[in-house]
Structure formats: structure tokens, C-alpha cells
Amino acid sequence: MTVDALDPGEFINGKWTMPHVPRDPDGFIDEQRMPLGVRRRVGPRGELMFVDLEPSVDLPTGERRRLSELVPRRPPPPPPAPPPPPAA
């Protein structure tokens with residue numbers, strides 16, 4: 001038996017459970033197993049194309065929502081700290 005990662009599951013406490021989405025130990029979408037985001041590709045005639053890899057989920061209510069609206073993505077890391085000023 002196979003499972004569908006985009007199966008919304010049950011509606012509990014105002015949220016869809018999304019039980020089969022691959023997650024990391026912290027509960028965020030595991031983007032190593034389910035990549036998200038926009039990628040650049042070169043098309044068949046050499047044109048630059050932008051491909052959005054994030055799937056949409058059809059909910060039982062008839063709504064279509066992006067996966068990251070239902071299961072949180074890991075926030076980006078903070079920017080690196082500036083280097084210390086040079087010693088005088």
C-alpha cells in the first residue's frame with residue numbers, strides 16, 4: 001500500500017494534520033526529501049525558465065493551498081555576524 005504525501009489527513013484544532021509529509025525531527029518539512037522553492041532551468045529553446053517545485057494540496061473543502069501554508073518550512077538561518085573591527 002502506498003501513501004500520498006499530499007493527503008491532508010484529519011482536521012484537528014483548526015489545522016490539517018498532513019500525516020504523510022516528510023518532516024525533520026523539529027516538525028518542519030524535510031526539504032532534502034521534498035524540495036521546495038523556485039529553481040532556474042534552461043528550456044528546450046535556450047530560454048531561462050523558473051520552475052516552482054512546491055506542490056499544492058486539494059483540501060476536502062474544495063480549497064487549493066500551497067504545502068508550506070499547511071506544514072511550516074524551516075526558517076532561513078540568520079545572516080552571519082559582521083567581522084570585528086581591526087585593532088588599532
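The values are calculated or read from the model by the stated rules, or taken from the named source; none is laboratory data. Here the structure is a predicted model, which means the values were calculated and not measured. Cβ coordinates were reconstructed from backbone atoms using ideal geometry, including for glycine residues, and neighbour counts include every protein chain displayed. We work out accessible area using only protein heavy atoms, side chains counted, and drop any ligands, DNA or RNA first. Shrake-Rupley method; radii C 1.70, N 1.55, O 1.52, S 1.80 Å.
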Strands (runs of 3 or more DSSP E) enclosed by the chain - at least 1 residues per element that are among the small types (G, A, S) and under 20 Å from the mean Cα position of the chain (by Cα):
56-58
Filter the stretch 5-48 for residues that are exposed (fewer than 10 other Cβ atoms within 10 Å of the Cβ) and in contact with a Leu (Cβ under 7 Å, 6 or more places away or on another chain); the one that is farthest from L67 (Cα to Cα) is V42
Say whether the condition of being modelled with pLDDT of 90 or more, more than 23 Å from D7 (Cα to Cα) and not hydrophobic (A, V, I, L, M, F, W, C) is met by at least one residue in the stretch 22-39.
yes
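In the stretch 61-88, which residue that is touching a Phe, Trp or Tyr at 6+ places or on another chain (Cβ under 8 Å) and either within 15 Å of M18 (Cα to Cα) or modelled with pLDDT of 95 or more (or both) is least open to solvent (accessible area, probe 1.4 Å)?
Only one residue tops the list, namely V71.
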Pairs under 8 Å by beta carbon, first residue over 12 Å from R73 (Cβ atoms) and without any contact (Cβ under 8 Å) to a residue 40 or more places away in the chain in the stretch 22-39, partner among the aliphatic types (A, V, I, L, M) and exposed (fewer than 14 other Cβ atoms within 10 Å of the Cβ), six or more apart or different chains?
V38/V51; V38/L53; R39/V51; R39/L53
Looking at the stretch 34-61 only, could you name the residues that are out of contact with any strand residue (DSSP E or B) (no Cβ under 7 Å at 6 or more places or on another chain) and of a type in the set (K, R)?
R45
